[in-house]
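S.K.: Have a look at the structure that comes next, please.
The values are calculated or read from the model by the stated rules, or taken from the named source; none is laboratory data. This structure is a prediction, so every number in the text was calculated from the model and none was measured. Positions of Cβ are generated from backbone atoms using ideal geometry, with glycine treated the same way; all protein chains shown enter the neighbour counts. Heavy atoms of the whole protein, side chains included, go into the accessibility calculation; ligands, DNA and RNA do not. Shrake-Rupley method; radii C 1.70, N 1.55, O 1.52, S 1.80 Å.
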Amino acid sequence: MKLLEKTEFNAYSWLNFESLPDSHGYKFELYPKSELNIDGFVILFYSIFEKFIDELQIGQFGRNNKWGDFCIDTWDLHNDRCDYSLEGKSKSTSTYLNMLTANEIEPEYTGFCKSLNWNRFLPIILDCIFNHIAPYSIMIYAPNCQLVFYFHHTGSIGVYYSDLNDGVMHVIDKAKIEDLEIKNINDERVLAALK
């Protein structure tokens with residue numbers, strides 16, 4: 001069963017990948033109050049983002065970054081090149097690269113995908129992130145509400161959005177139900193809504 005399929009999507013023009021805090025939008029971060037394992041994060045993902053599940057688009061961190069470069073051990077820093085073979089790779093990276101091959105996603109692919117099975121896709125990605133094999137998360141876009149989020153190795157979820165709307169408020173409301181800490185907010189309207 002395939003986990004991913006390629007899609008056509010244009011990343012938001014207001015998002016600044018060189019420096020996310022300099023994006024022309026707003027952000028906040030969600031922190032569980034206790035440490036979650038990968039299965040716990042998959043459950044949390046569904047709780048917060050299930051409303052958007054059919055529209056979500058997945059891209060690598062930054063514009064034109066290759067899917068094969070997601071894991072650190074595909075980089076040969078001494079020769080400034082990438083090696084997508086399984087030889088000498090961590091278990092996490094091997095699983096990730098095998099997943100790309102099984103889904104006909106070339107390591108050099110720079111476009112977007114949709115997940116056909118979040119239950120199987122997310123654990124592969126989260127394993128790489130939480131084991132510090134991936135320096136950056138994938139970016140997951142919810143186009144209808146101009147929102148993007150990513151998982152961080154600290155166990156948090158970063159959320160950026162162009163403007164406060166019903167979709168963003170849905171995420172905030174779900175985060176409150178899940179008793180998540182909402183931190184590093186740069187939108188006064190969100191701060192007011194949390195009081």
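S.K.: Could you please report the charge total around Ile133, scoring K, R as +1 and D, E as -1 over all other residues with beta-carbon less than 14 angstrom from its beta-carbon?
M.R.: Combined, the nearby Lys, Arg, Asp and Glu give -1.
S.K.: What angle do you read, to the nearest 10 degrees and between 0 and 90, between the alpha-carbon axis of helix 118-130 and the longest principal axis of the chain?
M.R.: It is inclined by approximately 80 degrees.
S.K.: Run the quick spin-label model on Asn16 and Thr110: label points 7 Å from Cα toward the beta carbon, then report their separation in nm to one decimal.
M.R.: Here the modelled spin labels are 2.2 nm apart.
S.K.: Pop the C-beta distance of Lys33 and Asn117 into the FRET formula with R0 = 25 Å and round what comes out to the nearest 0.05.
M.R.: E(calc), rounded to 0.05, equals 0.30.
S.K.: On the protein heavy atoms, probe 1.4 angstrom, tell me the percent of accessible surface of the chain carried by carbon and sulfur.
M.R.: Within the chain, the accessible surface is 47 percent carbon and sulfur.
S.K.: Please identify the longest segment of the chain free of exposed GluC sites (Glu not before Pro), where exposed means a DSSP state other than H, G, I, E or B and no more than 15 other Cβ atoms within 10 Å.
M.R.: 109-177
S.K.: Using a ≥ b ≥ c from the Cα gyration tensor of the chain (square roots of the eigenvalues), is it rounded, prolate or oblate, where a/c under 1.5 gives rounded and otherwise the larger of a/b and b/c decides, a/b for prolate?
M.R.: prolate
S.K.: Could you please state, rounded to a whole Å, how far the C-alpha centre of segment 2-77 is from the C-alpha centre of segment 80-151?
M.R.: Their Cα centres are 9 Å away from one another.
S.K.: Specify whether the C-alpha gyration tensor of segment 87-189 places it in the rounded, prolate or oblate class, a ≥ b ≥ c being the square roots of the eigenvalues: rounded for a/c under 1.5, otherwise prolate if a/b is larger than b/c and oblate if not.
M.R.: Prolate, because a/c is 1.5 or more and a/b exceeds b/c.
S.K.: In terms of the Cα gyration tensor, with a ≥ b ≥ c the square roots of its eigenvalues, is segment 23-115 rounded because a/c is under 1.5, prolate because a/b exceeds b/c, or oblate?
M.R.: In terms of gyration-tensor shape, prolate.
S.K.: Is it possible to state the helix-based mean residue ellipticity at 222 nm for the chain, with each DSSP H run of 4+ residues giving -39500 (n - 2.57), the sum divided by total residues, to the nearest 500 deg cm²/dmol? What is it?
M.R.: Rounded to the nearest 500, the figure is -8500 deg cm²/dmol.
S.K.: Counting other Cβ atoms within 10 Å, which trypsin sites (Lys or Arg not before Pro) in segment 111-180 have at most 10 and lie in a DSSP loop?
M.R.: none
S.K.: Using θ = phi - 60° and the Karplus curve 6.51 cos²θ - 1.76 cosθ + 1.60, what whole-Hz ³J(HN,Hα) does each residue of segment 163-175 get, with Gly and Pro shown as x?
M.R.: 7, 5, 8, 4, x, 5, 5, 4, 4, 5, 4, 5, 4
S.K.: Size of the dipole of the chain about the Cα centre, Lys and Arg at +1 and Asp and Glu at -1 on the beta carbon, nothing else charged, in debye to 20?
M.R.: That gives a dipole near 280 debye.
S.K.: Okay, next question. Send over a whole-number figure in Å² for the accessible area per residue of the chain, probe 1.4 Å.
M.R.: In whole numbers, the chain has 51 Å² accessible per residue.
S.K.: While we're on this one: Using modelled backbone amide H atoms (1.01 Å from N, in-plane), which distant-in-sequence or interchain residues come within less than 5 Å of Leu4's amide H?
M.R.: Leu116
S.K.: While we're looking at this one, here's another question. Give me the number: length gained by fully extending Arg81 to Lys183, i.e. 0.36 nm times residue separation minus the C-alpha to C-alpha distance, one decimal in nm.
M.R.: Contour length minus the Cα-Cα distance gives 33.0 nm.
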